[in-house]
Ligand code: AHR
């Protein structure tokens with residue numbers, strides 16, 4: 001029996017109030033040569049789950065469940081000392097090298113051709129980041145030729161000799177990685193980076209105007225150069241840029257769960273600031289060109305920050321274990337993606353397997369972490385256009401964010417199928433939250449796909465011994481009367497309602 005003392009939250013839905021199209025590329029992910037992400041993660045020829053190419057078929061299946069639509073590679077910090085030529089050609093001739101970002105030994109068994117094969121297998125779009133730190137623009141041009149040119153030139157013919165007759169058709173190119181960060185090899189100031197990235201983008205686009213470029217935005221909102229960095233690099237490279245990259249890792253170092261459960265507020269401030277910088281630059285330049293946002297690294301990450309592999313391959317680096325409160329922050333993050341889908345067109349969860357990831361492997365088993373499940377629910381139900389909801393919610397008190405709404409919500413409507421989906425997080429650690437959803441100008445026939453992730457313990461985790469501690473369950477009690485739906489959200493919960501709208 002649930003006793004409800006909290007005032008109800010209300011949501012007004014009108015399917016004419018459209019924020020924007022939900023880009024399929026919001027369901028992206030990221031695979032870096034870091035720890036056990038590539039080796040023992042997506043590529044593990046010794047695993048009983050390996051296919052003929054050495055790819056983990058259990059990881060591939062889970063990626064299909066997640067609806068992974070675009071995959072960023074090969075880093076991350078790794079790319080800043082990477083030579084892409086080490087990773088192509090006959091395996092027996094590929095060199096082993098010291099890799100400086102995570103102090104690993106990189107034997108290069110997996111390189112760009114294997115990455116493209118892996119993307120085709122998922123299937124998903126490839127997104128390549130390039131080394132603008134220790135490599136040069138000539139090598140970048142050769143990389144684009146290797147990937148995308150038809151037969152008849154040196155690097156394209158080398159790709160063909162390596163077994164790939166058809167061009168890889170890589171369309172998304174990240175111009176370096178986190179070059180504002182003191183940890184980065186090749187760290188520089190915004191003006192120097194802006195000029196270099198602009199020239200790199202020219203090369204990429206000169207090869208083919210269909211190629212899209214992603215400029216490094218600030219690596220984190222707590223850097224002293226944020227957000228001036230973003231305005232400066234946009235100002236220099238505006239016309240050559242298609243996307244500005246955002247990175248953000250949510251933390252709960254203080255073990256302050258009420259504040260952490262309201263982390264969506266910090267994320268909203270972050271994207272609103274970046275969207276405003278883009279808008280301001282466009283206005284200043286009186287430009288017809290548009291720059292969108294690629295949030296190409298996002299996740300909760302603070303429990304395991306191990307960053308030194310002691311010159312080994314496939315060390316256990318940053319194998320974060322995720323709990324229920326993390327899953328609820330991930331759900332709010334995706335709600336925000338929907339609310340800002342007017343400017344956000346690409347998002348890549350960092351990362352896909354083993355390293356700060358929703359999936360963990362042993363040679364023979366695959367664990368789905370708590371954060372896997374909200375991601376799957378969004379992949380299944382967030383379709384069409386995001387709607388601008390009218391939300392009223394009771395609040396609760398937090399140390400970091402003051403009074404925070406108990407309810408975090410988003411909704412999508414798909415005109416092709418008439419499907420309405422509503423995504424609801426109750427941030428309360430203790431109280432059920434009654435919610436009343438009123439649909440203006442439309443009625444819900446029934447909500448027929450309803451799922452809920454909930455629990456009493458915010459620190460509850462999934463493990464190989466108990467893989468089903470945090471998984472979605474059906475939502476039983478939804479009262480539906482014409483245009484109004486009523487339900488009670490349990491504390492610490494994420495709920496998805498999906499149904500056909502009529503009228
Ligand atoms: O995803 C792990 C690391 O986090 C990436 O290599 C880097 O870009 C970020 O700092």
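The values are calculated or read from the model by the stated rules, or taken from the named source; none is laboratory data. Here the structure is a predicted model, which means the values were calculated and not measured. Cβ: placed from backbone, ideal geometry, glycine included. Neighbour counts: every protein chain shown.
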Could you list, in sequence order, the residues of the stretch 51-106 that are within 16 Å of the ligand (Cβ to nearest atom), part of a helix (DSSP H, G or I) and farther than 30 Å from residue 374 by Cα? 80, 81
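Would you confirm whether or not the stretch 283-294 contains a residue that is outside any helix (DSSP H, G or I) and either within 16 Å of the ligand (Cβ to nearest atom) or closer than 30 Å to residue 100 by Cα (or both)? Spell out the reasoning first.
Just the residues of the stretch 283-294 that are outside any helix (DSSP H, G or I), to begin with: 286-294.
Retained after the next criterion (residues that are either within 16 Å of the ligand (Cβ to nearest atom) or closer than 30 Å to residue 100 by Cα (or both)): 293-294.
For the stretch 283-294, residues outside any helix (DSSP H, G or I) and either within 16 Å of the ligand (Cβ to nearest atom) or closer than 30 Å to residue 100 by Cα (or both): present.
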Pairs, please: C-beta under 9 Å, at least 6 apart or cross-chain, first residue over 29 Å from residue 35 (Cα atoms) and in the stretch 341-353, second in a strand (DSSP E or B) and near the ligand (Cβ under 10 Å from one of its atoms)? none
Across (1) closer than 22 Å to residue 26 by Cβ; (2) crowded, with 19+ Cβ neighbours inside 10 Å, residue 427 clears everything bar (1)
Look at residue 132 and say whether it is part of a strand (DSSP E or B) and within 16 Å of the ligand (Cβ to nearest atom). no
When residues of the stretch 433-464 are filtered for being surrounded by fewer than 19 Cβ atoms within 10 Å (Cβ to Cβ), at pLDDT 95 or above and in a loop (DSSP other than H, G, I, E, B), how many remain? 6
Can residue 93 be described as buried (at least 16 other Cβ atoms within 10 Å of the Cβ), at pLDDT 95 or above and more than 23 Å from the chain's Cα centre (by Cα)? no
Please go through the stretch 341-363 and pick out each residue that is away from the ligand (no atom under 15 Å from the Cβ), in a loop (DSSP other than H, G, I, E, B) and touching a strand residue (DSSP E or B) at 6+ places or on another chain (Cβ under 8 Å). 341, 342, 343
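Determine whether the stretch 424-441 contains at least one residue that is within 17 Å of residue 484 (Cα to Cα) and under 25 Å from the mean Cα position of the chain (by Cα). Explain how you work it out, then say what you get.
Of the stretch 424-441, the ones within 17 Å of residue 484 (Cα to Cα) are 424, 433-441.
Now drop any that are not under 25 Å from the mean Cα position of the chain (by Cα), which leaves 424.
Checked the stretch 424-441: at least one residue is within 17 Å of residue 484 (Cα to Cα) and under 25 Å from the mean Cα position of the chain (by Cα).
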Here is a list of conditions, (1) outside any helix (DSSP H, G or I); (2) within 16 Å of the ligand (Cβ to nearest atom), and residue 210 meets all of them except one; can you say which number that is? (2)
Would you confirm whether any residue within the stretch 225-240 is within 16 Å of the ligand (Cβ to nearest atom) and surrounded by fewer than 21 Cβ atoms within 10 Å (Cβ to Cβ)? yes
Take the residues of the stretch 166-190 that are in a loop (DSSP other than H, G, I, E, B), more than 16 Å from the ligand (Cβ to nearest atom) and in contact with a helix residue (DSSP H, G or I) (Cβ under 6 Å, 6 or more places away or on another chain): which is farthest from residue 126 (Cα to Cα)? 167
Listed residues 334, 372; which is more than 25 Å from residue 18 (Cβ to Cβ) and crowded, with 18+ Cβ neighbours inside 10 Å? 372
So, in the stretch 219-260, exactly how many residues are more than 17 Å from residue 349 (Cα to Cα) and either in a loop (DSSP other than H, G, I, E, B) or modelled with pLDDT under 95 (or both)? 14
Taking the stretch 321-340 and the residues there that are within 13 Å of the chain's Cα centre (by Cα) and within 16 Å of the ligand (Cβ to nearest atom), the one that is nearest to residue 47 (Cα to Cα) would be 330
